[in-house]
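Visitor: Below is a structure I'd like to ask you about.
The values are calculated or read from the model by the stated rules, or taken from the named source; none is laboratory data. Since this is a predicted model, take the numbers as computed values, not measurements. Positions of Cβ are generated from backbone atoms using ideal geometry, with glycine treated the same way; all protein chains shown enter the neighbour counts. The accessibility values were calculated without ligands, DNA or RNA, using every heavy atom of the protein model including side chains. Shrake-Rupley method; radii C 1.70, N 1.55, O 1.52, S 1.80 Å.
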Amino acid sequence: MYHISMVRGDGIGPELADAARIALDRLGAGLEITDVDAGDGALKRTGSALPAGSLEAIRSSDACLKAPVGESAADVIVELRRRLDLYANIRPARSQPGAGGLRDDIDLVIVRENTEDLYTGAEIDLGGAAVALRIVTEAASERIARRACEIAAERGGRRRVTCVHKSNVMRISDGMFASACARVAAGYDVEFEEMYVDACAMNLVRRPEYFDVIVTTNMFGDILSDESSQVAGGLGMAPAANEGDSFAIFEPVHGAAFDIAGTGSANPSSFLLSAAMMCRWLGRRGGDAACSAAGDRLERAVRGTVASGKRTRDIGGDLSTEGFARAVADAL
Ligand code: ATP
């Protein structure tokens with residue numbers, strides 16, 4: 001039995017969380033799910049977007065499944081990443097038949113450094129000028145490179161790691177990132193290459209099927225992963241993991257989508273595919289092949305349901321969030 005903390009979040013979050021329970025109840029992966037209060041709603045109710053009790057409940061669970069939160073996202077997920085040292089943000093983008101992506105042979109993973117770069121909030125207002133500090137360390141660059149190489153090796157196949165940076169302009173910071181990645185990759189059986197971020201953004205549209213594993217810094221990874229998920233089938237299909245060495249939080253790439261909240265039209269695939277990543281992570285961590293297999297089964301059920309023509313509105317169908325979750329439960 002695994003104890004899972006689930007943040008219901010804001011906007012479409014609660015609808016995704018309800019839908020996930022329908023499918024996860026049927027999955028039979030031994031998940032005991034407890035709701036945890038965090039986000040805009042928690043801020044209104046308790047004065048804190050991440051109350052101490054919620055942080056503790058997340059910390060003491062085996063893994064966390066997190067729906068998107070709204071305006072307080074920085075106080076929730078950025079804080080959780082920092083406090084729990086969840087340094088690897090892993091964002092797979094796989095073509096989904098029937099979801100309207102650019103091509104049907106995209107299968108890549110973006111491995112984004114999650115703790116530093118321009119996202120540490122180290123900004124200075126100098127009055128009429130503002131400075132943001134871009135922080136890159138060798139230690140953080142090496143550990144994200146190790147995770148990217150491990151993922152490339154686990155995936156097998158092409159085993160290609162593309163290190164994305166802009167060291168021709170940011171010579172010192174990205175120079176350090178690129179050389180740390182190259183150093184680490186030399187110790188793995190992978191094909192290592194470097195690409196400037198502008199070229200990568202172009203190639204993700206021009207030939208997305210080329211990429212296998214992309215490793216990059218925090219902000220470039222944030223932007224490129226929205227692009228790659230759109231190219232592969234849209235934000236509604238895009239899962240992500242925030243992994244540390246002993247804990248992980250799984251959440252969709254997208255935000256709270258307030259424009260469609262309460263309409264019952266959100267696509268819960270991103271959340272269900274995040275849950276599938278969580279089952280595989282729990283299985284890998286605990287040597288529990290049955291839990292990993294449950295993750296594979298859930299992913300097949302989600303993808304198979306979409307491919308069979310049962311879809312939500314964002315990808316051309318007419319099912320509600322709950323209707324889609326029930327179709328996935330039937331497929332399971
Ligand atoms: P953030 O900055 O927190 O990432 P955002 O305001 O940029 O959030 P998102 O919430 O990520 O935007 O989503 C952008 C748009 O994509 C939404 O307004 C919504 O229309 C659509 N969208 C996102 N997620 C889904 C989903 N699961 N199902 C259907 N449509 C979605």
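Visitor: Find the centroid of the Cα atoms in segment 196-233 and in segment 39-86, then give the distance between the two in whole Å.
Guide: 28
Visitor: For q = 0.11, 0.16, 0.24 Å⁻¹, what log10 I(q)/I(0) does segment 226-332 give under the Debye formula with an equal point scatterer on each alpha carbon and no solvent?
Guide: -0.35, -0.72, -1.32
Visitor: Still on this structure, please answer the following. Can you give the extra length, in nm with one decimal, that the chain gains between THR263 and ALA74 once fully stretched, where that is 0.36 nm per residue apart less the Cα-Cα distance?
Guide: Working it through step by step, the gained length comes to 65.5 nm.
Visitor: Which residues does the label zone of SER308 cover in segment 12-40, counting backbone N under 20 Å from a point 7 Å along Cα→Cβ?
Guide: 19-29
Visitor: Also, I was wondering about something else. So how strong a dipole does the chain carry about its Cα centre when Lys and Arg Cβ are +1 and Asp and Glu Cβ are -1, to the nearest 20 debye?
Guide: My answer is approximately 620 debye.
Visitor: Here's something else I'd like to know. If you count the DSSP beta bridges with both ends in the chain, what percent of them are antiparallel, to the nearest 5?
Guide: 40
Visitor: Still on this structure, please answer the following. What number, rounded to the nearest 500 deg cm²/dmol, is the helix-based mean residue ellipticity at 222 nm of the chain, given -39500 (n - 2.57) per DSSP H run of at least four residues and division by all its residues?
Guide: -13000 deg cm²/dmol
Visitor: Next question. Please give every one of the lysines within straight-line cross-link reach of LYS66, meaning a C-alpha to C-alpha distance under 24 Å, and leave out same-chain neighbours fewer than 8 residues apart.
Guide: Reachable lysines: LYS44.
Visitor: How much FRET efficiency would the formula 1/(1 + (r/R0)^6) give for ASP318 and LEU102, where r is the Cβ-Cβ distance and R0 is 25 Å, rounded to 0.05?
Guide: So, using R0 = 25 Å, E works out to roughly 0.60.
Visitor: Moving to a separate point now. Any lysines with Cα under 22 Å of the LYS166 Cα? List them, leaving off those in the same chain fewer than 8 positions away.
Guide: none
Visitor: Considering Cα pairs under 8 angstrom that are at least six residues apart, work out the relative contact order of the chain and quote it in whole percent.
Guide: 23
Visitor: If you don't mind, there's one more thing I want to ask. Please give the length that would be gained between ASP296 and GLU193 if that part of the chain were fully extended, namely 0.36 nm times their separation in residues minus their C-alpha to C-alpha distance (nm, one decimal).
Guide: Working it through step by step, the gained length comes to 34.1 nm.
Visitor: While we're on this one: Tally up the carbon and sulfur contribution to the accessible surface of the chain as a whole percent, 1.4 Å probe, everything protein left in place.
Guide: Summing carbon and sulfur atoms, their accessible area is 51 percent of the total for the chain.
Visitor: Sticking with this one: Calculate, in nm to one decimal, what ALA139 and ASN203 gain on full extension: separation in residues at 0.36 nm each, minus their alpha carbon distance.
Guide: 20.1 nm
Visitor: How many Å² of accessible area per residue for the chain, probe 1.4 Å?
Guide: Dividing the accessible area of the chain by its residue count gives 41 Å².
Visitor: In debye, nearest 20: dipole of segment 102-232 around its Cα centre with unit charges on the Cβ of K, R (+) and D, E (-)?
Guide: Here segment 102-232 has a charge dipole of around 260 debye.
Visitor: Here's a follow-up. Scan around ALA93 for amide H atoms under 5 Å from its own, H built in the peptide plane at 1.01 Å from N, and keep only partners 5 or more places away or cross-chain.
Guide: Amide H neighbours of ALA93, under 5 Å, 5+ apart: LEU108, VAL109, ILE110.
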